[in-house]
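Colleague: Structure incoming, see below.
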Amino acid sequence: MASIGLINYATFMGTMIGIYGVLALGLNIQWGVTGLFNAGIAGFFAVGAYLSALITASPSPERIMGWELPVAVGWLGAMAGAALIAWPIGRICLRFRSDYLAIATIGVAEVIRLVLRTEEGLSGGARGITGVPRPFGGLEYSLSQFAYFALVIAVLLVVYWALERQLAAPWGRMMKAIRDNEQAAAAMGKNVEKRRLEAFVLGAAVMGLAGALYVHFMRAITPEAIDPMIATFLVWIMLILGGSGNNRGAILGAIIVWIIWSMSEFITDQLPAEIATQAKYIRVFLIGLMLQLILRFRPEGLLPEESGQRTSPHLPPSR
Amino acid sequence: MKKKILASLSALALGGAIASAPAMAQNVKVAYLVAITGPIAGMAPMMVQSMKFAAEQVNAQGGIGNGGKLDPQVYDSGCNPQLATDAATKAVNVNGVIGIVGPSCSGPVIAVANSVSVPAGVLLVTSSGTSPKISTLDDKDLVFRTVPSDDYQGRALARALKARGIDKVAVTYLNNDYGLGLAEAFADEFQKQGGTITASRAHEDKKASYRSDLAELAKGGADTLVVFAYGNSSGLTILRQAIENGFFKNFVGADGMRDEGMVKTLGPDNLKPLLVSAPAGATGAGFEKFGKDFKATGGDPNGTFAATSYDAAFLMALAIEKAGGDKAKLPQALREVATAPGEPILPGEWAKAKKLIAEGKDIDYKGAAGDHEFDAHGDVPGSYILYKVSSSGFAEVERMK
Amino acid sequence: MSATAARDRPQPILIMHQVRGGYGDADILQGVSLTVMPQEIVVIVGPNGAGKSTAMKAVFGLVRIRSGAIVFDGEDITGWSPDRIVRRGISYVPQVDNVFREMTVHENLEMGAFLAKGDLSAAFDRIYALFPDLKAKRHALAGDLSGGQRQMVAIGRALMLEPQLLLLDEPTAGLSPKYMQQIFQICRDVRDSGVSILLVEQHAKQALAFCDRGYVLATGANRHEGSGRELLENPEIAQMFLGG
Amino acid sequence: MMEFLNFYVVPGIVTGSIYALGAIGITLIFGILRFGHFAHGDLATSGAYLALGATALLGLTPWAALPVAMLLTALLAYGIHRLFYRHLESRPKILTVIASLGIGMMLRSVVQVVWGVDPLAYGSGIARAQAFGPLMLRPREIATLALTLALVATLLAFLRYSKWGKAMRAMSDNPDLARLCGVDNDGVTRLTWFIVGALAAASGFCLGINTELTTMMGWSAMLSMFAAAVLGGVGRVEGAVVGGLVIGLAEELSVLVVPSPYKSATAFVILLAILLLRPQGIFKGKVL
């Protein structure tokens, strides 16, 4: 049934876009609003996914936890866990320019991946965790997919609404002031480092939530899901394309990039077999090239930040 | 592809009018999900080639049903669950495949089964997902594999070594589901048989040096090192550094180490002390026939997972034929064509199988990688051959029990 | 005009005429005019935020100039890039970060002559003669020197290309009175070797006492000018900076 | 004791000198151009594969192919700068950092398309160690160490004694003042990319000849190289060398205390510790 099939596919794609949209919103707090370069999104995503899985899945003799608690508890746990990891990293690295944060977050993601792969008693090791419950998972396939899609979109909207409120509040205005002119903000007596740490931790919590949304959608998680390309780089492209500093831009970026990423396979499938294998790599190349072109020709993204305070697009604090 | 999307869209507009056409009069789509990119990308080309080879044989010998063709669609599962589920969703929902061969790697198999194929009622046969966890999935009998669980091979290898009088070994394994699964099963069985494991250490791949790892492993005094890794990755580096530095006298590996490229790189003479196990056809006839045919088309029948991938693709085709293209009947059909009793069918004997199925006779596929007598979990018991390195690649030493 | 202007000289080496400009959209300079004669030390003083340093940077092409003109040695250099101005014969010593801290004294001087071709030994001899202290420390890292010595390195670096005009931005900032007098003495020596000097000073009293001529800026525009002594004796200026 | 030397210290030093060659490039870019170059690992990968290409196409021995690869990679690095980074120069540096992450991905996928993803090697067979007293060394290890030593010595001499080397140091030390002295910014940038590209190729080549060539080799080594650069002090060539050796040794020795899979985490832990305790690094580098 082609029509139902297409709807199913659209539902799947919509769910993935929703999850990536939440990731992009999390990155937007860190980079778009505060100018913090987090290159280890995958790590916070993974912490959220694993924690939510451990909280909600049934117990297993091979690993810890498995508390069979409600999914909502898992989500809260995911956010708290990711925030807890982000805090010390932020404490150490936010004193420096963002390059250091970038390399440190790459490292964090790598260490998290190593721990999750190695510590069987904690995370199921290389075999991961299966049997993670999904809200509405008992329904018939299409219906269950659609119900979860609706749930993810609802979460996305709640996160969006909460962040918009936060940005409109004095906190958000202060963050932008710090990003655009740190010296001036510091001179005004604001505790710059503390505010930036708050933004970093908040962003990480949102990324953890995205991980939780993901794990309940897949009903399982293995360390392979923590791939820098899929879980970090794609998110960066989404935010930069959509328009960093703008929450709606982040979501738009998630929609466009995931559709391009997913649809491009339909095109590479049509290539002759000899070059079809290569085409998968060309796809990655083109994504990288897309980033270069956006940075050069439309650095403000498709939906630029609205506030007129900024003198130039993307002006993170410079030291 | 545009056309396909357009067609689907028009079908949507027409309220699914096209979809009601009889299934067997036309081509049957199956998805081949292979990790073309990602960590095991090196094995992918031979896996794809062997799967496509199976499809070509089917189509050359009468195709599916009444003049239909098998239409395989290759997707990249990237050894990554996000990519694999995305690909599987596209395959099932957009391209309308009725069965999935693959995906590669156990993580993606579990993810695809959980979130796509089982909920959608699509048969999945993986040729390279070896994690014991796949056995216990709540899969409504929709998940099968032509590659034995790591559990079997690890145990068989342990028994074989013990039988050869090796009592003391050190083990190093790649820190993923493949290496871990093998190492655990091996250790359990080896110790049950009374052997001693002096040291067992996991390692990450892609490191420049494993010499300190090797030194640690060697401290226990074993002169045999068991390496559960891939011969085109860390396994190669570890063997090279072990031989160069004179660690251990003998080396043992599993199917991941049966890598022709590794032999070429290190030189067959240097690898004399290496023994590897690999799944084998129970009679050997299946593998021989597949090997001869596949080589003739430029394939490497010894390529990692080449034989299991061929079998998975061929079995999928047999099941579709048997089920008359009915998605719901596929799992039952797969069990019927794969398991005894029945007229034996060897790899490539599509025309014969098709005729027998049409006559309503029971068939029993004896594949390139084994007999594929599926158990209740959809697993196959492994039968294995122990190989040594010869100047022309790998030579059989003995069958393992 | 002042007494020094009575000397028989054909024309000023530097003329800054009604310059307006700044860094961003706001103009800090609201019409600054000044002249420097050959072999003359001219000092710019004024309260904080008066645009003293900005006026000097405008000469060196580091400020966006909206209107007005800068003429050096008979040539209009308005809007030139700093490296072109260096080649033309003006050297500039910034107030802070004015040495290469990780390089030796000798290497600092070498960098000053980066644009020069050919043998530099004569230039080194000249500078080391002017700053005997530096010769002893020639292989020390500039970052390890005292503040006064560092200032000497900076001035020495600026003199390597034998400029006609030297721009000094608060050379005595943060120095002890002893070093301050030493720097002023160096300025006189430099002037006597044939180089004109334009400097910005925070220590107005001491600077006006030693300079040939001075300008007082306030809110980005000229307020007073005259010989050092004239300005020192002006009660309004005394009120402005010195007494209060 | 000898076991400790041969199997922990020697490999640590060899790996460390490979990291050092990479870290020098990172530290130069960090110091002179003032951004973290996240395509550096993949630049090294490209260099390693270009050397492989030179052995195949020109029939050279691997060591003869190295200069060719260094030259090509130098041109490649400069080309990347011209095509991509240069346009971002007037923008906040962090944009160039993001761009470099994408460039790394692009380089990797080009290597994957051209050479495939199977591991490759410069030659076949194995090289057994020769005994130097109790010390066991392989020829390629001696060559790696000698090459590192030669390249570092040449670079240090260049930076110390040549006019353009001094200009590079001046740019790294105080870019505004360097411009006031009339140092040609573009010239120094160009020169930096040439040197960095050549060193990256040497690093990738040494990694390849001591193990195998894989398309992910550079990316995997990059964290260690960055840690080495920060440890030594950003902008400090000699610091990068010491940092590289420390990280290499620490990784090898880490298996004595933690399970082997955490070997890769060693560099990260050192990086965090140095940022926490002494962000300017051993040799008092810059802190950006």
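Colleague: For the stretch D:225-270, give me the residue count where each residue is basic (Lys, Arg) and within 17 Å of the chain's Cα centre (by Cα).
Modeller: 1
Colleague: Then there is this: Which numbered condition trips up residue C:130, out of (1) more than 7 Å from chain D (Cβ to nearest Cβ); (2) free of Cβ contacts under 8 Å to residues at least 60 places away in the same chain; (3) surrounded by fewer than 21 Cβ atoms within 10 Å (Cβ to Cβ)?
Modeller: With respect to (1) more than 7 Å from chain D (Cβ to nearest Cβ); (2) free of Cβ contacts under 8 Å to residues at least 60 places away in the same chain; (3) surrounded by fewer than 21 Cβ atoms within 10 Å (Cβ to Cβ), residue C:130 is out only on (2).
Colleague: Related question: Counting residues that are of a type in the set (S, T, N, Q) and either touching a helix residue (DSSP H, G or I) at 6+ places or on another chain (Cβ under 9 Å) or buried (at least 24 other Cβ atoms within 10 Å of the Cβ) (or both), which strands (runs of 3 or more DSSP E) fully inside the stretch B:172-255 reach at least 2?
Modeller: Correct list: B:196-203.
Colleague: For residue B:126, work out the one condition from (1) at pLDDT below 90; (2) more than 13 Å from chain A (Cβ to nearest Cβ) it doesn't fulfil.
Modeller: (1)
Colleague: Contact list please: Cβ distance under 7 Å, first residue in the stretch C:144-160 and within 19 Å of residue C:194 (Cα to Cα), second residue open to solvent by less than 30 Å² (accessible area, probe 1.4 Å) and of a type in the set (Asp, Glu), pairs at least six apart or on different chains.
Modeller: none
Colleague: Being free of Cβ contacts under 8 Å to residues at least 12 places away in the same chain and open to solvent by less than 60 Å² (accessible area, probe 1.4 Å) is the filter; apply it to the stretch D:81-101 and report the residue that is nearest to residue A:296 (Cα to Cα).
Modeller: My answer is D:88.
Colleague: If residue B:217 passes every condition in (1) facing chain D (nearest Cβ under 8 Å); (2) in contact (Cβ under 8 Å) with a residue 40 or more places away in the chain but one, which one does it miss?
Modeller: Evaluating residue B:217 over (1) facing chain D (nearest Cβ under 8 Å); (2) in contact (Cβ under 8 Å) with a residue 40 or more places away in the chain leaves (1) as the failure.
Colleague: Suppose we filter the stretch D:53-80 for residues that are buried (at least 23 other Cβ atoms within 10 Å of the Cβ) and within 14 Å of another protein chain (Cβ to nearest Cβ); how many remain?
Modeller: Final tally of qualifying residues: 1.
Colleague: Something else about it: Out of the stretch A:54-70, which residues are open to solvent by less than 20 Å² (accessible area, probe 1.4 Å), in contact with a Phe, Trp or Tyr (Cβ under 9 Å, 6 or more places away or on another chain) and outside any helix (DSSP H, G or I)?
Modeller: Answer for the stretch A:54-70, where residues must be open to solvent by less than 20 Å² (accessible area, probe 1.4 Å), in contact with a Phe, Trp or Tyr (Cβ under 9 Å, 6 or more places away or on another chain) and outside any helix (DSSP H, G or I): just A:57.
Colleague: Still on this structure, I have one more. Determine which member of the set D:249, D:276 is in a helix (DSSP H, G or I) and either crowded, with 21+ Cβ neighbours inside 10 Å or touching a Gly at 6+ places or on another chain (Cβ under 7 Å) (or both).
Modeller: D:249
Colleague: Conditions: (1) touching a helix residue (DSSP H, G or I) at 6+ places or on another chain (Cβ under 8 Å); (2) closer than 19 Å to residue A:124 by Cα; (3) free of Cβ contacts under 8 Å to residues at least 60 places away in the same chain; (4) not hydroxyl-bearing (Ser, Thr, Tyr). Residue A:61 meets all but one. Number of the miss?
Modeller: Residue A:61 satisfies every listed condition except (1).
Colleague: Inside the stretch A:71-93, can you point out the residues that are within 12 Å of chain D (Cβ to nearest Cβ) and surrounded by fewer than 23 Cβ atoms within 10 Å (Cβ to Cβ)?
Modeller: Across the stretch A:71-93, the qualifying residues are A:88, A:91, A:92.
Colleague: Now a separate question. Is it the case that the stretch C:186-193 has a residue that's open to solvent by less than 60 Å² (accessible area, probe 1.4 Å), modelled with pLDDT of 85 or more and of a type in the set (S, T, N, Q)?
Modeller: no
Colleague: Could you give every pair whose Cβ atoms fall below 6 Å, whose first residue belongs to the stretch B:248-262 and is farther than 11 Å from residue B:227 by Cβ, and whose second residue is modelled with pLDDT under 85 and of a type in the set (S, T, N, Q), counting only separations of at least 6 or pairs across chains?
Modeller: That search, which allows pairs on different chains as well, returns B:259/B:232; B:261/B:232.
Colleague: Mind checking whether some residue in the stretch B:69-78 is more than 25 Å from residue B:141 (Cα to Cα), in contact (Cβ under 8 Å) with a residue 24 or more places away in the chain and either more than 11 Å from chain A (Cβ to nearest Cβ) or open to solvent by 10 Å² or more (accessible area, probe 1.4 Å) (or both)?
Modeller: Yes, because at least one residue in the stretch B:69-78 is more than 25 Å from residue B:141 (Cα to Cα), in contact (Cβ under 8 Å) with a residue 24 or more places away in the chain and either more than 11 Å from chain A (Cβ to nearest Cβ) or open to solvent by 10 Å² or more (accessible area, probe 1.4 Å) (or both).
Colleague: Residues in the stretch A:27-37: is at least one over 23 Å from residue A:113 (Cα atoms), open to solvent by less than 10 Å² (accessible area, probe 1.4 Å) and within 12 Å of chain B (Cβ to nearest Cβ)?
Modeller: There is no residue in the stretch A:27-37 that is over 23 Å from residue A:113 (Cα atoms), open to solvent by less than 10 Å² (accessible area, probe 1.4 Å) and within 12 Å of chain B (Cβ to nearest Cβ).
Colleague: So, residue A:119, is that one within 14 Å of chain D (Cβ to nearest Cβ) and surrounded by fewer than 16 Cβ atoms within 10 Å (Cβ to Cβ) or not?
Modeller: Criteria met by residue A:119.
Colleague: Next question, about the same structure. Which residues, taken from the stretch B:140-171, are surrounded by fewer than 21 Cβ atoms within 10 Å (Cβ to Cβ) and among the acidic types (Asp, Glu)?
Modeller: B:141, B:167
Colleague: Tally up the residues in the stretch D:189-211 that are within 14 Å of chain B (Cβ to nearest Cβ) and part of a helix (DSSP H, G or I), please.
Modeller: Of the residues in that region, 8 qualify.
Colleague: Kindly indicate whether residue A:106 is part of a helix (DSSP H, G or I), within 30 Å of residue A:12 (Cα to Cα) and at the interface with another protein chain (Cβ under 9 Å from one of its Cβ atoms).
Modeller: Considered against the rule, which asks whether it is part of a helix (DSSP H, G or I), within 30 Å of residue A:12 (Cα to Cα) and at the interface with another protein chain (Cβ under 9 Å from one of its Cβ atoms), residue A:106 comes out as yes.
Colleague: Kindly state which helices (runs of 4 or more DSSP H) lie completely within the stretch A:228-319 and contain at least 3 residues that are crowded, with 21+ Cβ neighbours inside 10 Å, modelled with pLDDT of 90 or more and more than 14 Å from chain D (Cβ to nearest Cβ).
Modeller: A:247-268
Colleague: If you take the residues of the stretch C:82-113 that are open to solvent by 50 Å² or more (accessible area, probe 1.4 Å) and out of contact with any helix residue (DSSP H, G or I) (no Cβ under 9 Å at 6 or more places or on another chain), which of them is nearest to the other protein chains (Cβ to nearest Cβ)?
Modeller: Selected residue: C:87.
Colleague: Residue D:238 - would you say it is modelled with pLDDT under 90, away from chain A (no Cβ under 14 Å) and in a helix (DSSP H, G or I)?
Modeller: Here the answer is no, as residue D:238 does not meet what is asked.
Colleague: Let me confirm something: among B:32, B:75, which residue is within 26 Å of residue A:19 (Cα to Cα), among the aromatic types (Phe, Trp, Tyr) and modelled with pLDDT of 85 or more?
Modeller: That would be B:75, the only listed residue that is within 26 Å of residue A:19 (Cα to Cα), among the aromatic types (Phe, Trp, Tyr) and modelled with pLDDT of 85 or more.
Colleague: Tell me the residue from B:62, B:107 that is part of a loop (DSSP other than H, G, I, E, B) and in the same structural domain as residue B:327 (by TED's automatic domain parsing), please.
Modeller: It is B:62.
Colleague: What are the residues in the stretch B:373-396 that are under 30 Å from residue B:343 (Cα atoms) and open to solvent by 40 Å² or more (accessible area, probe 1.4 Å), if any?
Modeller: If the condition is that a residue be under 30 Å from residue B:343 (Cα atoms) and open to solvent by 40 Å² or more (accessible area, probe 1.4 Å), then B:373, B:375, B:376, B:377, B:381, B:396 are the ones that fit.
The values are calculated or read from the model by the stated rules, or taken from the named source; none is laboratory data. Everything numeric in this text was worked out from a predicted model, so none of it was measured. Note that we place each Cβ from the backbone using ideal geometry, even for glycine, and neighbour counts take in every protein chain shown. For the accessible areas, the whole protein counts, side chains as well, though only heavy atoms, and no ligand, DNA or RNA atoms are used. Shrake-Rupley method; radii C 1.70, N 1.55, O 1.52, S 1.80 Å.
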